[in-house]
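Data block below; observations after.
Just so you know, all these numbers are worked out from the coordinates, no wet-lab data involved. No experiment lies behind these values; they were computed from the predicted model shown. Cβ atoms come from the backbone with ideal geometry, glycine included; neighbour counts cover every protein chain shown.
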Amino acid sequence: MEDRRFAQRLGLLVAAVVPIAFAQSGVPEIPFESVPDFLKLPPGMNFGEVPGVAVNSKGHVFVFTRSNSAGGPAYGAAAAQLLEFGTKGEFLREIGKGLYAWSEAHTVRIDKDDNIWAIDKGSDMVIKFNPAGRVVWTFGRRSESADENAKPWGHPDPPLPPADGLFRQPTDVTWDSHGNIYITDGYVNSRVAKYDQNGEWVKSWGDKGTAPGQFRIPHAIVADRNDNLYVGDRTNRRIQVFDTEGKFLRMFTIDVPPAPGTHAVNGNTPTGDRLAAVIGAPNSLCITPGPNQVLYVGESTFPGRIFKVTLEGKVLGVIGRSGRQLGEFSGAHQLACPAENEVYAAETSNWRVQKLILHPQKQASAASH
């Protein structure tokens, strides 16, 4: 009876937000392994919360972490550090040590030319580094510490009008095949900003709301090989798809209830309406290379899973569950997927990056018996 009530509540919530594109019951678990102790930090160094991970064309892993740099008061301390590791997980260097933009690390991405892009939620800035680690471009501007009005952003509802070229807590960045730049902006502005390949402002679209083309925390963005843009609209619990001019194309949700008995790592385990509001909420997105692309989608701290999804929105499999052990997740804040069966998961609550090797052939073999 309780399961039936939960299903009814989930169905009502989803119907209120977006029509279900696929029946998503009976989704298989994808067999995988988590490589133990893959990233090797220098002696005496630890990760803090890890909101960002990316991989470049050489297989180097970039980690954007809230650690080893925290300074200031208990509220508002700066916490951002960008680290690079080699293909075997060996520590190579720190990039931008003490950078003026560092305030609250959020995500990191690598473009097709191996430039490194760091998105800092606290300073409202996006920084482009060249592969050598030198700042090339900056987007947005942080509040000056000498400004008498320097303080955290408020969250009025409706939000204050956005300004071209400035951000309020940006979240992620991606590019189309022509090099145009798309930044999700973010916790306050609820929009997507577009720049051209020369870094010139073009336009933005979206505002706060639940209608198609509106957002409630656009938290992640990726582009496929045909220049379709996928935006993880986290609080609306959906992924919206747009063309490069911001035209709404379609949207889909992930509707896979967690396994019974799964518990949250932090806080009370959601139930009822609270659980229905977070199932499949897209906290993180990555898209695989090559002609046959798929999405990987990470949930927030609970239910905490990672999903393999077609570009049309069909869930192909689920990876892991909520927890602290290797192969479990809490706060998969960013994903990197340099290959279809190789995924990196940056976790905020578990303070780590996991390298996952997927074994879908075992899934297929088990299904055939």
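Looking at segment 112-157, which chymotrypsin sites (Phe, Trp or Tyr not before Pro) are DSSP coil and have at most 16 other C-beta atoms within 10 Å of their C-beta?
Here the sparse-neighbourhood loop sites are Trp153.
At q = 0.18 Å⁻¹, what is the log10 ratio I(q)/I(0) for segment 176-287, with the Debye formula run over Cα points and no solvent?
With no solvent term, the Cα-only Debye profile gives -0.87.
Taking R0 as 35 Å, what's the FRET efficiency between His155 and Asp227 from their Cβ-Cβ distance, rounded to 0.05?
0.60
Under 18 Å from the Cα of Lys362, which lysines turn up, not counting those fewer than eight places away in the same chain?
Straight-line reach from Lys362, under 18 Å: Lys308.
Distance between the C-alpha centers of segment 140-215 and segment 66-83? Whole Å please.
23 Å
Report the charge-dipole magnitude of the chain in Debye, nearest 20, computed about the Cα centre from +1 at each Lys and Arg Cβ and -1 at each Asp and Glu Cβ.
Value, rounded to 20: 520 debye.
Taking a cut-off of 21 Å between Cα atoms, list the lysines near Lys128, but don't count ones fewer than 8 places away on the same chain.
In chain and number order, the partners are Lys58, Lys97, Lys112, Lys194, Lys203.
Would you mind checking the radius of gyration and Dmax of segment 27-98 based on alpha-carbon positions, in Å?
According to the Cα coordinates of segment 27-98, Rg and Dmax are 14.6, 47 Å.
Under 20 Å from a point 7 Å along the Cα-to-Cβ line of Ser57: which residues of segment 132-150 have their amide N that close?
Of the residues in segment 132-150, 132-137 have backbone N under 20 Å from the label point off Ser57.
Give the residue from Phe242, Tyr195, Pro161 lying farthest towards the positive end of the charge dipole for segment 150-287; charges sit on Cβ (+1 for Lys and Arg, -1 for Asp and Glu) and the dipole is referred to the Cα centre.
Value computed over the given set: Pro161.
Have a look at segment 118-212 and give its Rg and Dmax from the Cα atoms, expressed in angstrom.
When restricted to the Cα atoms of segment 118-212, Rg and Dmax are 13.9, 43 Å.
Using a Gaussian network model of the chain with C-alpha springs under 10 Å, which one of Ile127, Ile239, Ile119 is most mobile by mean-square fluctuation?
Ile127
Order these peptides, 340-346, 85-91, 141-147, 174-180, by their mean beta-carbon neighbour count within 10 angstrom, highest first.
340-346, 174-180, 85-91, 141-147
Under 20 °C and 1.002 mPa s, how fast does the chain diffuse according to Stokes-Einstein, given a Kirkwood radius computed over C-alpha pairs? Answer in µm²/s, whole number.
103 µm²/s
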